[in-house]
Amino acid sequence: MRLLNTATLELESFPSWVPEYAILSHTWDDKELLFEDVRGGPKDWMTRPGSMKVLKSCARALMDRFQYIWIDTCCIDKSSSAELSESINSMFNWYAGASVCYAFLSDARKGGDLSNCRWFTRGWTLQELISPRIVQFFDRDWAYFGDRLSLIDELVAITGIDRPMLAHTQLPARSAPVAHRSSVEHMLESYSISRRMSWATGRHTQREEDGAYSLFFLFGVNMPLLYGEGSKAFKRLQEEIVKQSDDQSILAYRQKRLSFDIAQLFSDDPALFLPGVEQNIHAQKSKMYMAHGGLSVQLLLCPCLLNGALVGESIMLGILDCVIDSDYLSRPAILLQQSYKDDKSRYWRLWPTTLYLVGPEQEGRARSMGNMGFTEITFNPNQARSSRITIIEPSREYTYKADDSQLLPLRINEIKQPARRYFARDLAYPDQSGSFIFLRKSTDFGTWLDPAMGLLSFHEKGSNRFILVWGLAHCTKTNTKHPWCKVCPLQEIEFDANDSRDGSEVVHEIIGRFKQKDERVRRLLIPEGFERETSSAVFVSEDTVIICATIRLVSFLGRHIFDLQVTINEHL
């Protein structure tokens, strides 16, 4: 550990034994004194920009009779990746081992409102607030205005951190550094992963990876630093947490937005975790671990009805072994779908924008704990069974393994037409890749078939434009699925008879509304009463053109595709 001597203003190294020291917590400004500035001695840096913060820190520490102080800007050689990695992994020990922490709030004025201070929005200052035995606060003029205990009401309101954690009520007043670190770690472990994650809400770091690295202390985690990995750092952090904890509240998060109906395995932001979820300390925890490409966990699984519709055995309510802090009998739950037809041990999470609350007062109903999700989920608690499952996330191979025929690729053959005519296809949804359209899972809901799967347009020299819609029909009598298609001229589905836009612009709007499952567009494309029972479609236009479209299933060596052929003929 490298410390700055408050009297000589020289850096000194302590490879093993470390003397008593103070420590600084602050936010970085544009100009800071770095290790390379300070290592030559005070003559090299005392008049440089950024020196005043260091000098004021040393003067305060010296006044409090501390011979040494640690300041992150100048006590770490950041040009050494090995030293930087060791320092970040040791940061909690260094702050917990300090006799006092000086929190310098450069934008605070004594007696003013602290809630807008930048110090409370930085990722690294979270551990600098929690870890030390004593935290003293100073405003921009270095005027002392309170410590962590005297300001605790304001600090709890600003940070959302639980009062006992900030008060350190379980810790000896003058505990030795080692005993203090152990006590803080023990206190942190008494809070659920979800609650601890929520403490980082609203905090940011200059580098994306530091958002994860600054949380090592919360979970007692150490791991290599890989700058450049971006959002993967937070995923790695959660994987490391799972190695050390069986707390299922790591799954008690809500996704920000629904870009896909199947969730990632882990959250991508600590702000998405619920603060009101706690561990069930009275239960004997089952082991939770990473295995077979997912998270192996013992959950209570229960069949459920979504908005009054039975969606099959593959949809389950996964009830977490956690506690809602306001009601010990209530639990959070997530929606799970069996990933593969022949494997009842692998699931992925559905509709991740919300969690569901289950409890005795709900009388067999799971209430959404968010603004999105199914408004009504009903279940029979007596059907809940404890099962070990593996929760996975969707991958590139998901399209081919999901055993859903609505995900087969569509091959579009060249249009067969007379030499005198030239129809060309131009726009399609989903997007065309070469002569194929590769389907995606419906974003409406994982197990519900979308009868209309895609559309494409073709035209003759910019006019005479047609829309072809295709999809998959399910025959309930024979329990079979077969493709269908329909052809119609663009003018039959235009929104406004006086629309003067180019045909391609109108098709762009139709595709946009089709993607959003706009009901009006769906009714125009597939009118009520249209029988989706045929794999062929014929349309006879007024200008002697006959358009025939045929879609069929083609198989070869275990692979399957839908094959679409459009043929154009002339009639007299």
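Quick rundown of the values:
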quantity	calculated
Gain upon complete extension [V540, A473; 0.36 nm per residue less C-alpha separation]	21.7 nm
24 Å Cα-Cα threshold exceeded, pairs from K243/K285; K53/K78; K344/K515; K235/K515; K256/K515	K344/K515; K235/K515
Nitroxide proxy distance, nm - points 7 Å out along Cα→Cβ at E570 and F436	3.7
Accessible solvent surface per residue of the stretch 139-282, calculated while the other protein chains remain in place, 1.4 angstrom probe, Å²	45
Protection proxy ranking, peptides 245-254, 153-162, 414-423, average beta carbon neighbours within 10 Å, highest first	245-254, 153-162, 414-423
At least 15 Å along the helix axis (C-alpha) and Kyte average at least 0.5, DSSP helices within the chain	51-63
Residues whose placed amide H lies under 5 Å from that of L427, excluding near-sequence neighbours	S457
Estimated FRET transfer efficiency (Q516, V156; beta-carbon r; R0 51 Å; 0.05)	0.75
Residue-averaged 222 nm ellipticity for the chain, from DSSP H runs of 4+ at -39500 (n - 2.57), nearest 500	-5500 deg cm²/dmol
Accessible area per residue in Å² at 1.4 Å probe, computed on the stretch 1-87	52
In nm, spacing of pseudo-spin labels at Y144 and R346 (7 Å Cα→C-beta vector)	6.2
Potential lengthening between R163 and E229 on full extension [0.36 nm per residue; Cα-Cα distance subtracted]	20.3 nm
Formal net charge of residues neighbouring A167 (Cβ-Cβ distance under 14 Å; K, R +1; D, E -1)	-1
Share of alpha-carbon pairs per 10 Å distance bin for the stretch 113-195, given as whole %	15, 51, 29, 5
Separation in nanometres of the label points that stand 7 Å from Cα toward Cβ, at A176 and H282	3.8
Whole-Hz couplings from phi, Karplus 6.51/-1.76/1.60, listed for the stretch 7-15; x for Gly and Pro	8, 8, 6, 10, 7, 9, 9, 10, x
Gain in span if fully extended, E83 to E505, counting 0.36 nm per residue against the direct Cα distance	146.1 nm
Accessible carbon and sulfur surface of the chain relative to its total accessible area, %, 1.4 Å	49
Relative intensity, log₁₀ I(q)/I(0), of the chain from a Debye sum that treats every alpha carbon as a point, q = 0.06, 0.07, 0.12 Å⁻¹	-0.47, -0.60, -1.11
Protection proxy ranking, peptides 502-513, 124-135, 222-233, 267-278, average beta carbon neighbours within 10 Å, highest first	124-135, 267-278, 502-513, 222-233
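The values are calculated or read from the model by the stated rules, or taken from the named source; none is laboratory data. Note that the structure is a prediction, hence the values are computed from the model and not measured. Glycine gets a Cβ as well: all are built from the backbone with ideal geometry, and neighbour counts include every protein chain shown. Note: accessible area is taken over every heavy atom of the protein model, side chains too, but ligands, DNA and RNA are not part of it. Shrake-Rupley method; radii C 1.70, N 1.55, O 1.52, S 1.80 Å.
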